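Single-structure report; data block below.
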Amino acid sequence: MKFVAKLAVAAAVSAAALSGSAAVAADKITEFRIGILGGENEADRLRSNQCLVDRFEKLLGVPVKLFPAADYAGTIEGLKGGNLDYAELGASGYSAIYLADPKAVEPVLTTKQTDGATGYYSVMVARADSGIETLEDLKGKRLGFADPNSTSGYLIPSVAFDDMGLNVKEYFASTQFSGGHEQNVLAVLNGDVDGGVTWASGVGEWEEGYTSGNLRKMVDKGMVDMSDLVQIWQSPLIPNGPLVLRSSLPADVKEKVIASLKAMVHDDTECFYSAQGGEYADFIDVDHSFYKTIVEARRRKIEAKKKAN
């Protein structure tokens, strides 16, 4: 299994490993390749998404393969290169692909929270015994980001800090990328950083890690007791990330996958919960227009970085 997983990762992150059209012949696919973002234990990611393999193999009649990348960039590059057919992304990850190649993927669906919202939040947490209760308390201390391609784990907090007139390099003693959301929360609990950002629905009970998001997944896996953490900051609402399909997929394949995902909400609630990482009400249709504000935010960050260099 480890050998297969390593091969999967290598294929997903290498643009030269596969031709973008290798899985398509005469408008018929010969396999369906699912990209899985990094930031969580690989075995857990494979287990959570195995139900999609079973579902799509029955639906499409071809082998379905999971490609768990080591980080967000691996899945992004796999989609940009045409080496993946389907993935669930954050809005910033989608923006990275769109800014590089607007025709590479199509956002087709996103999740709707149990309260009807179509967004989620970046939240900053600290240890409950640290004495840190607000963002102001974190001044002069160590901040952890999740991943440079994460919407809630980097882009939105950094944009929010800019809007607040907060210079990250001056305000915090240090910043680091912890390698993903799960790792960032563990860095807080282990004392490697004093505060860290992650994502959460912001709906439901704090003790349960809210209804969905990274905190909920960690609670479900027994990795965190929410009484050990306090929330010290919350972003404005962020558009829920898209489920994307490779644009050059045959139209009938896209239609079948979208219809199956919508049906899964009702005919396989366990798979819906597992693949999405928590409780959601439904999937809703989206297109590029839903993510324009995040695309522009990412574009501004890129331009600012170029000017700074």
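The values are calculated or read from the model by the stated rules, or taken from the named source; none is laboratory data. The shown structure was predicted, so the numbers you read here are calculated from the model rather than taken from an experiment. Cβ atoms come from the backbone with ideal geometry, glycine included; neighbour counts cover every protein chain shown.
Does Asp115 count as of a type in the set (Asp, Glu) and over 21 Å from Leu46 (Cα atoms)?
Criteria met by Asp115.
Would you check which residues across region 205-219 are out of contact with any helix residue (DSSP H, G or I) (no Cβ under 8 Å at 6 or more places or on another chain) and touching a residue at least 40 places away in the same chain (Cβ under 8 Å) and list them? Break it down stepwise before answering.
From region 205-219, those out of contact with any helix residue (DSSP H, G or I) (no Cβ under 8 Å at 6 or more places or on another chain) are 205, 211, 213; that's our starting set.
Correct list: Thr211, Gly213.
Conditions (1) assigned to a loop (DSSP other than H, G, I, E, B); (2) under 23 Å from the mean Cα position of the chain (by Cα); (3) among the polar types (S, T, N, Q); (4) crowded, with 19+ Cβ neighbours inside 10 Å, marked per residue:
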| residue | (1), (2), (3), (4) |
| --- | --- |
| Gly153 | no, yes, no, yes |
| Gly165 | yes, no, no, no |
| Lys169 | no, no, no, no |
| Gln176 | no, yes, yes, no |
| Asn184 | no, yes, yes, yes |
| Val188 | no, yes, no, yes |
| Val193 | yes, yes, no, yes |
| Val197 | no, yes, no, yes |
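Only one of (1) farther than 20 Å from Leu37 by Cα; (2) at pLDDT 95 or above fails for Phe272. Which number is that?
Only one criterion in (1) farther than 20 Å from Leu37 by Cα; (2) at pLDDT 95 or above is unmet by Phe272, namely (1).
Just name the residue that is nearest to Arg298 (Cα to Cα) out of those in region 220-239 that are part of a loop (DSSP other than H, G, I, E, B) and of a type in the set (Gly, Ala, Ser). First the steps, then the outcome.
At the first step, the residues of region 220-239 found to be part of a loop (DSSP other than H, G, I, E, B) are 221-225, 235-237.
Add one more test, that the residue is of a type in the set (Gly, Ala, Ser), and what stays is 222, 235.
Numbers: Gly222: 34, Ser235: 16 Å.
The selected residue is Ser235.
Take the residues in region 220-232 that are over 20 Å from the mean Cα position of the chain (by Cα) and either closer than 12 Å to Ala200 by Cα or free of Cβ contacts under 8 Å to residues at least 40 places away in the same chain (or both), then tell me which one is surrounded by the most Cβ atoms within 10 Å (Cβ to Cβ).
Within region 220-232, the first condition is being over 20 Å from the mean Cα position of the chain (by Cα), and the residues that meet it are 222, 225-232.
In the following step, the residues that additionally are either closer than 12 Å to Ala200 by Cα or free of Cβ contacts under 8 Å to residues at least 40 places away in the same chain (or both) were identified as 222, 225-226, 231.
Working: Gly222: 7, Asp225: 13, Met226: 19, Gln231: 17.
Selected residue: Met226.
As an exercise: evaluate Gly209 against (1) farther than 30 Å from Phe32 by Cα; (2) over 19 Å from the mean Cα position of the chain (by Cα) and give the number of the one condition it does not meet.
Of (1) farther than 30 Å from Phe32 by Cα; (2) over 19 Å from the mean Cα position of the chain (by Cα), only one is false for Gly209: (2).
From the list Tyr154, Tyr210, which residue is of a type in the set (Phe, Trp, Tyr) and closer than 19 Å to Gly278 by Cα?
On inspection, the qualifying residue turns out to be Tyr210.
Any residue at all in region 63-71 that is of a type in the set (D, E, K, R), closer than 17 Å to Leu249 by Cα, touching a residue at least 24 places away in the same chain (Cβ under 8 Å) and not in a strand (DSSP E or B)?
To start, the set of residues in region 63-71 that are of a type in the set (D, E, K, R) comprises 65, 71.
Narrowing further to those that are closer than 17 Å to Leu249 by Cα: 65.
From what's left, touching a residue at least 24 places away in the same chain (Cβ under 8 Å): 65.
Filter once more, so that each one left must be not in a strand (DSSP E or B): none.
Within region 63-71, none of the residues are of a type in the set (D, E, K, R), closer than 17 Å to Leu249 by Cα, touching a residue at least 24 places away in the same chain (Cβ under 8 Å) and not in a strand (DSSP E or B).
Would you be able to tell me the number of residues in region 32-70 that are modelled with pLDDT of 95 or more, farther than 24 Å from Asp267 by Cβ and surrounded by fewer than 18 Cβ atoms within 10 Å (Cβ to Cβ)?
Adding up the residues that qualify gives 0.
Output the residues belonging to region 133-151 that are in a loop (DSSP other than H, G, I, E, B), surrounded by fewer than 21 Cβ atoms within 10 Å (Cβ to Cβ) and not basic (Lys, Arg).
Of the residues in region 133-151, the ones in a loop (DSSP other than H, G, I, E, B) are 133-135, 139-141, 146-150.
Next cut, surrounded by fewer than 21 Cβ atoms within 10 Å (Cβ to Cβ) only: 133-135, 139-141, 148.
Across region 133-151, the qualifying residues are Glu133, Thr134, Leu135, Gly140, Pro148.
Return yes when Trp206 is farther than 22 Å from Ser92 by Cβ and either modelled with pLDDT of 95 or more or in contact with a Lys or Arg (Cβ under 6 Å, 6 or more places away or on another chain) (or both) and no when it is not.
Considered against the rule, which asks whether it is farther than 22 Å from Ser92 by Cβ and either modelled with pLDDT of 95 or more or in contact with a Lys or Arg (Cβ under 6 Å, 6 or more places away or on another chain) (or both), Trp206 comes out as yes.
Can you tell me which condition Ala128 does not meet? The list is (1) surrounded by 17 or more Cβ atoms within 10 Å (Cβ to Cβ); (2) aliphatic (A, V, I, L, M); (3) touching a residue at least 40 places away in the same chain (Cβ under 8 Å), and all the others hold.
With (1) surrounded by 17 or more Cβ atoms within 10 Å (Cβ to Cβ); (2) aliphatic (A, V, I, L, M); (3) touching a residue at least 40 places away in the same chain (Cβ under 8 Å) applied to Ala128, the lone miss is (1).
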